[in-house]
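For reference, the structure discussed in these notes is given below.
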Amino acid sequence: MRHILVTLLALASLTSFGQNPAPGRTQERPIALMGATIHTGTGQVIQNGLITFDKGIITNVADASTVRLNTNEMQVIDVSGKHIYPGLISPASLVGMQEIASVRATVDSREIGVLNPNIRSLIAYDSDSEIIPTIRNNGVLLTQAMPMGGTVSGSSSILYADGWNWEDAVLRKDDGLWLNWPGYYAREFDFETFQAAIRKNERRDEAIRGLQATFAEAKAYADGARPASVNLRFEAMKGLFKGTQNLYVRADYAKDIIEAVRFAKSAGVVKVVIVGAEDANKVAGFLKENNVPVILSALHRLPNRQDEPTDMPYRLPGILQKAGVLVSLSYAEEWWRTRNLPFLAGTAAGFGVTDREEALKMITSNTAKILGIDGQVGTLEAGKHATLVVSKGDLLDMRTNFVEHAFIQGRKVDLDDKHKRLYNKFKTKYGQK
């Protein structure tokens with residue numbers, strides 16, 4: 001019995017060693033970060049800047065040489081020579097929704113059925129995911145947990161990358177519904193040949209007729225008086241017709257993008273966002289004319305067609321920006337690569353986006369505007385949440401991205417993660433004589 005007890009205690013100690021750090025404590029006193037270069041997310045850069053925040057809210061952003069502080073009343077952190085950025089926002093993400101793709105019990109992003117507008121990704125979000133601390137270490141402090149599967153997948157929510165549970169972490173609940181547009185063609189991956197194949201979607205017309213009927217009924221339900229019996233599916237869609245929710249449409253091909261936008265407009269949807277949008281350069285004028293923003297999928301990929309330039313995915317954000325389209329960047333379904341989100345902006349800055357500050361907007365203020373959270377986060381301005389990171393160098397450059405401090409609503413976040421623990425473990429092993 002004694003041996004069993006000793007074994008259990010040993011296993012418990014190993015388990016606790018591998019756990020994620022506890023969430024940050026509520027800010028207790030005002031904090032001032034002094035001397036860094038501040039990238040506000042609005043396009044403005046302040047050299048030798050000062051940023052102060054109290055009770056989780058930014059109180060001042062200014063040139064440090066023009067402000068006098070009462071250092072007795074606040075904690076002053078010297079960050080001279082470093083860079084301060086708004087916390088990066090990862091839209092269209094599976095972080096917290098999926099841990100190990102090959103282990104079904106850890107995949108909570110899909111629900112059975114075709115039309116599931118009432119499904120909420122919020123309550124499936126795992127705040128203890130091992131992936132969450134890894135994205136914080138590269139400056140990603142917010143994520144949009146999206147649903148997958150079916151034609152109408154459900155609603156997404158926006159959460160901070162810190163919290164004891166989803167109730168602690170949530171910033172905005174049910175910000176929008178997700179629609180997988182039934183396109184002309186479907187792309188399938190053959191694991192035997194390890195090649196992607198494109199096939200015609202034979203059930204496209206049937207799927208669109210079903211969507212038209214569903215959205216027409218939902219619109220009538222939203223416009224009518226309160227019914228005697230509540231329809232949970234139509235209740236979940238009300239915000240689409242009142243402008244309080246986005247309709248996120250996954251569509252890549254040019255024709256699909258045009259048809260999806262026209263369908264949404266004709267159905268009475270107020271706000272439409274195209275996600276993926278790999279052919280968006282072909283319909284940039286259409287997107288601008290209809291005031292439709294896009295959330296691009298990962299840029300670090302090959303082009304879709306053999307006759308396209310190999311750098312077309314890299315150039316796509318710049319093409320859309322110059323056309324006047326509001327652009328955001330994401331890693332979409334590649335949840336384990338979300339930590340590399342800042343480097344997508346760095347790539348965009350090197351391939352056509354007008355400057356690095358405009359590229360930064362694509363993972364901060366642009367994303368916040370699209371998601372409807374720009375009143376709280378996305379830029380470093382007085383009155384907004386103190387959600388920011390301090391990096392030793394350029395956050396968008398993988399050679400100099402080294403996050404030294406991270407604050408979420410003023411709470412200082414522990415930057416330990418599984419990657420660091422494994423690095424230190426094997427550094428010790430192979431460093432032994």
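Leaving ligands, DNA and RNA out of it, rank SER102, SER328 by accessible area with a 1.4 Å probe, largest first.
SER102, SER328
When the expected Rg is taken as 2.2 N^0.38 Å, what fraction or multiple of it is the alpha-carbon Rg of the stretch 155-245?
Working: Rg = 18.6 Å, N = 91, 2.2 N^0.38 = 12.2 Å.
Taking N as the residue count of the stretch 155-245, the ratio is 1.52.
Mind sorting out which of [x] 171; [y] 209; [z] 218 is the real volume of the Cα convex hull per residue in Å³ computed from the coordinates?
Evaluating volume of the Cα convex hull per residue in Å³ on these atoms matches [z].
Between ILE57 and ILE100, how many nm apart are label points set 7 Å from Cα along the C-beta direction?
Those two pseudo-labels are separated by 4.5 nm.
What are the ³J(HN,Hα) values, in whole Hz, obtained from phi via the Karplus relation 6.51 cos²θ - 1.76 cosθ + 1.60 with θ = phi - 60°, for each residue of the stretch 212-229 in sequence order, with x given for Gly and Pro?
With coefficients 6.51, -1.76 and 1.60, one gets 4, 5, 5, 5, 5, 5, 5, 5, 5, 5, 5, 7, x, 5, 4, x, 5, 10 Hz.
Leaving ligands, DNA and RNA out of it, rank TYR430, TYR423 by accessible area with a 1.4 Å probe, largest first. Walk me through the numbers on the way to the answer.
Working: TYR430 165, TYR423 140 Å².
Descending order: TYR430, TYR423.
Just tell me the longest site-free run in the chain, where the sites are GluC sites (Glu not before Pro) in a DSSP loop having at most 11 other beta-carbon atoms within 10 Å.
203-433
Please work out how much length the chain gains when fully extended from VAL45 to LYS282, using 0.36 nm per residue of separation minus the C-alpha to C-alpha distance, in nm with one decimal.
Difference between extended and current length: 82.0 nm.
Pick from ARG68, ARG204, ARG25: which is most flexible by mean-square fluctuation in a GNM of the chain where alpha carbon atoms under 10 Å apart are linked?
ARG68
Could you give the distance between the Cα centres of the stretch 381-433 and the stretch 27-41, to the whole Å?
Measuring centre to centre over Cα atoms gives 16 Å.
Under 5 Å between amide hydrogens, which residues at least 5 positions from ASP416 or on another chain qualify, with H placed 1.01 Å from N in the peptide plane?
none
Please report the net charge: other residues with Cβ closer than 13 Å to the Cβ of TRP166, K and R +1, D and E -1.
Result for the neighbourhood of TRP166: -4.
Sort largest first and round to whole Å: the equivalent ellipsoid semi-axes of the stretch 75-125, each the square root of five times a Cα gyration tensor eigenvalue.
In descending order the semi-axes read 37, 14, 10 Å.
Can you give the Kirkwood hydrodynamic radius of the stretch 301-433 from its Cα pairs, in Å with one decimal? Working shown, then result.
On the way: mean 1/r = 0.0589 Å⁻¹.
Result for the stretch 301-433, one decimal place: 17.0 Å.
What chymotrypsin sites (Phe, Trp or Tyr not before Pro) does the stretch 164-241 have in DSSP loop regions with at most 13 other beta carbons within 10 Å?
Hits after loop and neighbour filter: TRP164, TYR184, PHE191, PHE194.
Using θ = phi - 60° and the Karplus form 6.51 cos²θ - 1.76 cosθ + 1.60, what ³J(HN,Hα) does each residue of the stretch 329-338 get, whole Hz, x for Gly and Pro?
Working through the residues one at a time gives 10, 8, 9, 6, 6, 8, 4, 6, 9, 4 Hz.
Take every Cα pair under 8 Å in the chain that's 6+ residues apart, average their separations, divide by the length, and report that relative contact order as a whole percent.
In percent, rounded to a whole number, it is 20.
In a Debye calculation with equal point scatterers on the alpha-carbon sites of the stretch 237-308 and no solvent, what is log10 I(q)/I(0) at q = 0.14, 0.19, 0.26, 0.27 Å⁻¹?
With no solvent term, the Cα-only Debye profile gives -0.44, -0.74, -1.19, -1.26.
Can you list residues whose amide H is under 5 Å from GLY378's amide H, if they're 5+ apart or on another chain and H is modeled 1.01 Å from N?
GLY87
Taking 7 Å along the Cα-to-C-beta vector as the label spot, tell me the GLU206-GLU73 distance in nanometres, rounded to one decimal.
For the pair GLU206/GLU73, the computed spacing is 7.0 nm.
Whenever you get a sec, compute what percent of the accessible area on the chain sits on carbon and sulfur atoms (1.4 Å probe). Write down the numbers at each step before the final one.
Values: 10920 of 20980 Å².
Reported share for carbon and sulfur atoms: 52 percent.
Determine the alpha carbon to alpha carbon distance for each of LYS219/LYS322; LYS173/LYS238; LYS322/LYS392; LYS242/LYS265; LYS265/LYS384; LYS288/LYS361 and list only those over 24 Å.
LYS219/LYS322; LYS322/LYS392; LYS265/LYS384
Comparing THR40, THR347, THR193, which has the greatest mean-square fluctuation in the GNM of the chain with Cα pairs linked when under 10 Å apart?
Of THR40, THR347, THR193, the most mobile in the Gaussian network model is THR193.
So who's got an amide H within less than 5 Å of the one on TYR185, skipping anything under 5 residues away but keeping other chains? H placed 1.01 Å off N, in plane.
Hits under the 5 Å cutoff: ASN201.
Which of the aspartates and glutamates could a cross-linker span from LYS200 if the Cα-Cα distance has to be under 20 Å and same-chain partners fewer than 8 positions apart are dropped?
Leaving aside aspartates and glutamates fewer than 8 places away in the same chain, those within reach of LYS200 are GLU188, ASP190, ASP252, ASP256, GLU259, GLU278, ASP279.
Measuring with a 1.4 Å probe in the full set of protein chains, what accessible area per residue, in whole Å², belongs to the stretch 366-433?
53 Å²
Given a 1.4 angstrom probe, what's the average accessible area per residue across the stretch 76-152, in square angstrom?
Working: 2590 Å² over 77 residues.
For the stretch 76-152, the per-residue accessible area is 34 Å².
For an R0 of 45 angstrom, estimate the FRET efficiency from the Cβ-Cβ distance between ALA197 and SER229 and round to the nearest 0.05.
0.50
Which of the trypsin sites (Lys or Arg not before Pro) across the stretch 361-422 are loop residues per DSSP, with 14 or fewer other Cβ within 10 Å?
LYS392, ARG399
Mind computing the radius of gyration and Dmax over the alpha-carbon atoms of the stretch 37-100? Å is fine for both.
15.7, 51
The values are calculated or read from the model by the stated rules, or taken from the named source; none is laboratory data. Since the model is a prediction, treat every value here as computed from it, not as a measurement. With ideal geometry, Cβ positions are generated from the backbone for all residues, glycine too; neighbour counts draw on all protein chains shown. For the accessible areas, the whole protein counts, side chains as well, though only heavy atoms, and no ligand, DNA or RNA atoms are used. Shrake-Rupley method; radii C 1.70, N 1.55, O 1.52, S 1.80 Å.
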